[in-house]
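Inspection log for the structure reproduced underneath, given as structure tokens.
The values are calculated or read from the model by the stated rules, or taken from the named source; none is laboratory data. Computed from a predicted structure; not experimentally measured. As a convention, Cβ positions derive from the backbone with ideal geometry for all residues, glycine included, and neighbour counts pool all protein chains shown.
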Amino acid sequence: MTASSPTTPLLAIRGLRAAYGKIEALKGVDIEVGAGEIVALIGANGAGKSTLMMTVFGRPRARAGRIEYDGQDITGVPTHEIARLRIAQSPEGRRIFPRMSVAENLQMGADATNSSEADRASGLERIFNLFPRLKERMTQRGGTLSGGEQQMLAIGRALMSRPRLLMLDEPSLGLAPLIARQIFDAIRTLNRQDGLTVLIVEQNANHALKLAHRGYVMVNGLITLSGTGSELLQRPEIRAAYLEGGRRG
Amino acid sequence: MQTSRAPGVAFIFKKALISALVALVLFSLMIGVRTEAGSDGQLTYWTRFGDLAMMVATVFGGSIVVELLRQWWGPVGTVRVVPPQVTSALSLGARLVAPVLLIFTFLVPVIFYNERYILDLGILVLTYVMLGWGLNVVVGLAGLLDLGYVAFYAVGAYSYALLATNFGLSFWICLPLAGILAAFWGVLLGFPVLRLRGDYLAIVTLAFGEIIRLVLLNWQSVTGGPNGVTGIPRPTMFGIPLSPGDDGLAAMLRIEFSPTHRIVFLFYLILALALLTNWVTIRLRRLPIGRAWEALREDEVACRALGINTTTTKLTAFATGAMFGGLAGAFFATRQGFISPESFTFHESALVLAIVVLGGMGSQLGVALAALAMIGGFELFRGLDQYRMLVFGMAMVLLMIWRPRGLIGHRAPTVFLERNQAISSDLVKEGHG
């Protein structure tokens, strides 16, 4: 891991605006993710959370503002080159390759970054340690996995490029609480053991804020609140909007 | 695997009986009674109960066959009436299909040396096998629906024809040039359609195929228009012509000249070209570019997120597919000795696409079998005269019912983990999830 000074965040988003046609999805967003941090981005449907993640990857293009990664401006960099800067993404809805085997799915994660054979082997071992289930499923087609396993595969695939920053879009979407917890545990392990920086977009605010060091709340394309995870969990407006009634232990 | 059970048999008979009953009701008026206007315009009719009985019996028997086949190929858990010995023998047979077919193909000119018709048919089938394998890269692997594949076939054919007739270049120089030119046109088509998928892509590629054909038809000064290009030189065996003259191959080997030599040579030439296509495709599938094609077919957004340059991935797929089409086209030109835009209609594109789809998108063996069935089967049914298209259509419908993913819908994985298998097998036990 390359050392970056503590003052410069690994990912810094400043005044970011993005739109789909005339519909403005991001209206000037500021977010910072420090190296080694887990940052959660929570908000209701249509708040612009996923758009923010996609805009970091250049689709849609930012209309205004800056995206800095490791002190470098990556606002205009083509999508496929951003992944090579060791930013990995597990997109919304998992988007694994259904007709390809689990092994091939994982290999796809390593292909673009030109990783060596040794890197590939150690990457696989790391993923199998994290998700032993995937090892049993190696020859199976991706589409035949359960939802939880597909999410594990999507995260595993993203990890194959040995990222410094992992961006996860709703990893708990449509999963049973027990499986969702396993996914969150795995993210925590990755962060503690490997110092992986994680930006996680979630609707499951309770889980995400407990996991995260810091959190941002997004409403209608703007950041309305920010603070440490536990701080945000205590805020009455957060409790009212995202937690009450939907609370799971 | 479940063995045969009584309810299965009873069920099949019941179903066949119902089908036969429906057939009886339907056909009793359609076939059982024949009506016609008599000489004075009055209604005359007569009965054909023999024909009716035959139809009903056919439906009854056919229904049993259909049900047996369905159970045999059906989803896991259905009652299997076909004994397991038969299925295991069949699976062994399936594994042997490819090598046996290949050996047989190599021996065709030996076995059928004196049967010109079979050799010509073999060449035709192999041409379509090669076209199918070429289009398979674009449609089967990269998932880009290309309805204008014939354009590249035409580019290859005209490249060779024009280069050979105007500049006197030999076949072996023109062959790679035809491939390169077709690949270039593939990239040219690829650029405007980069953002298109599915239906929209199909329409644009369809138009592209027509544009190429219309240009060939109307650019009289270069292509000869509807008259085509005549007198395209025959291929030489690396400079040695296959002619009856003193410098010909026959004279050189001191054997009697026979026109069959050229046919046999053409047969092995297209076989070599087809096998080259197959070999390159298989190799590419194991490389990152081939994997990227398949991933592109599955999910373009995920591809981009993983750092795959979708632009170059699509363009290489178009270029590779087009190149093989161009090589096949050059072969077509040298074999025919005459080409005209008439040979490159949409019908050809549709035929090649049908071969790829029927074969099972992405399966090399499936495409070869489909080409054999489509081209060979078409010839086979020639004797059936007016029923030919009927039989053909029925075969297609049946295939789509039982094999909706094509003859060989299963795809072989390309990443294996033998070496890594031992790394952490102890972890598997902990894998309660």
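Scanning segment B:333-347 for residues that are under 17 Å from the mean Cα position of the chain (by Cα) and crowded, with 24+ Cβ neighbours inside 10 Å yields a total of 1. In the set B:315, B:327, only one residue is more than 18 Å from the chain's Cα centre (by Cα), outside any loop (DSSP other than H, G, I, E, B) and farther than 17 Å from residue B:213 by Cα; that residue is B:315. Are any of the residues in segment B:50-62 over 29 Å from the mean Cα position of the chain (by Cα), among the hydroxyl-bearing types (Ser, Thr, Tyr) and modelled with pLDDT under 80? No, segment B:50-62 has no match at all. State which residue is nearest to the other protein chains (Cβ to nearest Cβ) when the search covers only segment A:105-157 and only residues that are outside any helix (DSSP H, G or I) and within 23 Å of residue A:176 (Cα to Cα). Ranking the qualifying residues of segment A:105-157, first place goes to A:138.
Would you confirm whether any residue within segment A:197-207 is part of a helix (DSSP H, G or I) and not aliphatic (A, V, I, L, M)? Yes, segment A:197-207 contains at least one residue that is part of a helix (DSSP H, G or I) and not aliphatic (A, V, I, L, M).
Screening the candidates B:388, B:335, B:382 for the property of being assigned to a helix (DSSP H, G or I) and either touching a Pro at 6+ places or on another chain (Cβ under 9 Å) or at positive phi (or both) yields one hit, B:335. Checked against (1) in contact with a Gly (Cβ under 6 Å, 6 or more places away or on another chain); (2) farther than 23 Å from residue A:45 by Cα; (3) of a type outside the set (A, V, I, L, M, F, W, C), residue A:185 passes all but a single condition, namely (1). Note on segment A:6-23: residues that are surrounded by 16 or more Cβ atoms within 10 Å (Cβ to Cβ) and either among the charged types (D, E, K, R) or touching a His at 6+ places or on another chain (Cβ under 6 Å) (or both) amount to 1.
The residue pairs whose first member lies in segment B:279-293 and is within 10 Å of another protein chain (Cβ to nearest Cβ), whose second member is in a helix (DSSP H, G or I) and among the charged types (D, E, K, R), and whose beta carbons are closer than 8 Å, counting only pairs six or more residues apart or on different chains, are B:288/A:111; B:291/A:104; B:291/A:111; B:291/B:285; B:292/A:111. Here is the figure for segment B:294-311: residues that are at the interface with another protein chain (Cβ under 9 Å from one of its Cβ atoms) and either β-branched (Val, Ile, Thr) or part of a helix (DSSP H, G or I) (or both) total 12. The listed residues are A:92, A:81, and the only one of them that is of a type outside the set (A, V, I, L, M) and out of contact with any Asp or Glu (no Cβ under 9 Å at 6 or more places or on another chain) turns out to be A:81.
Checking A:40, A:83, A:64, A:44 one by one, the residue that is surrounded by 16 or more Cβ atoms within 10 Å (Cβ to Cβ) and more than 14 Å from every other protein chain (Cβ to nearest Cβ) is A:40 and no other.
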